Amino acid sequence: GQQLNQSPQSMFIQEGEDVSMNCTSSSIFNTWLWYKQEPGEGPVLLIALYKAGELTSNGRLTAQFGITRKDSFLNISASIPSDVGIYFCAGRYPNTGNQFYFGTGTSLTVIP
Amino acid sequence: NAGVTQTPKFQVLKTGQSMTLQCAQDMNHNSMYWYRQDPGMGLRLIYYSASEGTTDKGEVPNGYNVSRLNKREFSLRLESAAPSQTSVYFCASSEAQGNQPQHFGDGTRLSIL
C-alpha cells in the first residue's frame with residue numbers, strides 16, 4: 001500500500017511555542033488533508049489542500065501543499081493546551097476516486 | 001445536530017461470530033466511508049460509497065461486507081470475526097470539494113476473542 005511518513009512521531013512543547021510537523025509520500029498526491037484526533041473521538045478535518053504550492057490557514061493553523069506534490073506541512077502558532085491531540089495527514093493519488101491514505105500521526109503534548 | 005452516528009460504541013465478539021456495525025449521517029451527504037484504526041497505524045480504508053447504490057473496496061476489504069441501505073445509512077458487516085479484526089472502526093461522510101472524509105463518528109471499539 002501507499003507509504004506515508006509523518007514526523008515527528010511525538011512532540012512535547014511549552015505553551016506559546018510554535019509547532020511544525022510534516023508528511024511525505026512515495027508518490028504524487030493531488031489532495032493533502034490534515035486532521036486532529038482527541039481521545040475517544042473521531043478525527044476532525046482541519047485543512048484540505050488541492051494544488052501544489054497552496055497555503056491555507058485555519059486560525060492558528062497553517063498547512064502547505066508541497067511543490068513536489070509529495071509532501072505537506074502543518075504549522076501551529078502560539079500553541080495552547082487545547083491543541084493537545086494526535087494530528088494526522090492524509091493524501092490521495094490522482095485518479096483513485098475516494099481512496100485516501102493516512103499517516104501514522106504526530107502526538108502533540110502542550111505543557112502549560 | 002447529530003452528524004455521524006455509529007452504533008454500537010463497544011462490542012466484544014468470539015471468533016467466528018458475525019455482527020453488523022451501523023452508521024447513519026443526517027447531513028444529506030453523498031459519500032460515506034468505513035475505516036479501521038489500529039495502534040501505531042494510520043486509518044485504513046475498508047470500503048467506501050461514493051453515492052447511494054454504489055460501493056467500492058478500499059485498502060483492506062477482506063473479511064468485510066458493506067451495504068449502502070439508503071443515502072443516510074452505511075453498514076459494515078463481519079461475517080466470521082477473526083482476532084485480526086480487533087480494532088476501532090470509524091464511519092465518515094463527505095460532501096466536500098474533493099470528497100475527502102469530512103465528518104467522522106466517534107467510533108466502534110471492537111474486540112474479538
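The values are calculated or read from the model by the stated rules, or taken from the named source; none is laboratory data. This one's a predicted model, so the numbers in the text were calculated from it and none came from an experiment. Reconstructed Cβ throughout: ideal geometry from the backbone, glycine too, with neighbour counts over all protein chains shown.
What strands (runs of 3 or more DSSP E), lying completely within region A:2-112, carry at least 2 residues that are in contact (Cβ under 8 Å) with a residue 24 or more places away in the chain?
Working: elements: A:4-7, A:10-14, A:19-25, A:31-37, A:44-49, A:55-58, A:61-65, A:71-76, A:85-92, A:106-111.
Qualifying strands (runs of 3 or more DSSP E): A:4-7, A:10-14, A:19-25, A:31-37, A:44-49, A:61-65, A:71-76, A:85-92, A:106-111.
In this structure, is B:GLY53 over 14 Å from B:THR86 (Cα atoms) and surrounded by 14 or more Cβ atoms within 10 Å (Cβ to Cβ)?
When the stated conditions are applied, B:GLY53 does not pass them.
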All but one of (1) hydrophobic (A, V, I, L, M, F, W, C); (2) buried (at least 21 other Cβ atoms within 10 Å of the Cβ); (3) within 13 Å of chain B (Cβ to nearest Cβ) hold for A:LEU74; which doesn't? (3)
Given the conditions (1) under 24 Å from B:GLY3 (Cα atoms); (2) exposed (fewer than 13 other Cβ atoms within 10 Å of the Cβ); (3) away from chain B (no Cβ under 12 Å); (4) in contact with a strand residue (DSSP E or B) (Cβ under 7 Å, 6 or more places away or on another chain), which single one is not true for A:SER82? (4)
Could you check region B:40-85 and list, in sequence order, the residues that are among the hydroxyl-bearing types (Ser, Thr, Tyr), at pLDDT 95 or above and over 14 Å from the mean Cα position of the chain (by Cα)? B:SER80, B:SER84
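Suppose we filter B:TYR48, B:TYR35, B:TYR64 for residues that are facing chain A (nearest Cβ under 10 Å), free of Cβ contacts under 8 Å to residues at least 40 places away in the same chain and crowded, with 19+ Cβ neighbours inside 10 Å; which single one remains? If you could, list the steps in order and put the result at the bottom.
Numbers: B:TYR35 fails: free of Cβ contacts under 8 Å to residues at least 40 places away in the same chain; B:TYR64 fails: facing chain A (nearest Cβ under 10 Å).
Every option except B:TYR48 fails the conditions.
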Answer yes or no: is there a residue in region B:90-113 that is out of contact with any Phe, Trp or Tyr (no Cβ under 6 Å at 6 or more places or on another chain), of a type in the set (Phe, Trp, Tyr) and part of a strand (DSSP E or B). no
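Consider B:SER80 carefully, then state whether it is part of a loop (DSSP other than H, G, I, E, B), exposed (fewer than 14 other Cβ atoms within 10 Å of the Cβ) and touching a residue at least 60 places away in the same chain (Cβ under 8 Å). Spell out how you get there, then give the answer.
Details: part of a loop (DSSP other than H, G, I, E, B): yes; exposed (fewer than 14 other Cβ atoms within 10 Å of the Cβ): yes; touching a residue at least 60 places away in the same chain (Cβ under 8 Å): yes.
The answer is yes for B:SER80.
Could you check region B:18-32 and list, in sequence order, the residues that are free of Cβ contacts under 8 Å to residues at least 60 places away in the same chain and part of a loop (DSSP other than H, G, I, E, B)? I'd like the intermediate steps shown before the answer.
Filtering region B:18-32 down to residues free of Cβ contacts under 8 Å to residues at least 60 places away in the same chain leaves B:20, B:22, B:24, B:26.
Scanning region B:18-32 gives a single hit, B:ASP26.
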In region A:85-110, the residues that are within 7 Å of another protein chain (Cβ to nearest Cβ), among the small types (Gly, Ala, Ser) and either touching a helix residue (DSSP H, G or I) at 6+ places or on another chain (Cβ under 8 Å) or surrounded by 15 or more Cβ atoms within 10 Å (Cβ to Cβ) (or both): A:GLY103, A:GLY105
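Here's a check for you: in region A:32-43, which residue that is out of contact with any Pro (no Cβ under 9 Å at 6 or more places or on another chain) and either surrounded by fewer than 14 Cβ atoms within 10 Å (Cβ to Cβ) or polar (S, T, N, Q) (or both) is nearest to the other protein chains (Cβ to nearest Cβ)?
From region A:32-43, those out of contact with any Pro (no Cβ under 9 Å at 6 or more places or on another chain) are A:32, A:34, A:38-42; that's our starting set.
Cutting the leftovers down to either surrounded by fewer than 14 Cβ atoms within 10 Å (Cβ to Cβ) or polar (S, T, N, Q) (or both) gives us A:38-40.
Details: A:GLU38: 10, A:PRO39: 11, A:GLY40: 7 Å.
Per the criteria, the residue is A:GLY40.
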Is it the case that region B:86-96 has a residue that's more than 12 Å from the chain's Cα centre (by Cα) and more than 11 Å from every other protein chain (Cβ to nearest Cβ)? yes
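Which of the residues that make up region A:5-30 are more than 15 Å from B:LEU43 (Cβ to Cβ) and surrounded by 22 or more Cβ atoms within 10 Å (Cβ to Cβ)? Give the steps one after another, and end with the answer.
In the first step, residues of region A:5-30 are kept if they are more than 15 Å from B:LEU43 (Cβ to Cβ); the result is A:5, A:7-22, A:24-30.
Matches in region A:5-30: A:MET21, A:SER25, A:PHE29.
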Residue hits (region B:8-32; surrounded by fewer than 17 Cβ atoms within 10 Å (Cβ to Cβ) and within 14 Å of chain A (Cβ to nearest Cβ)) are B:LYS9, B:PHE10, B:MET27, B:ASN30
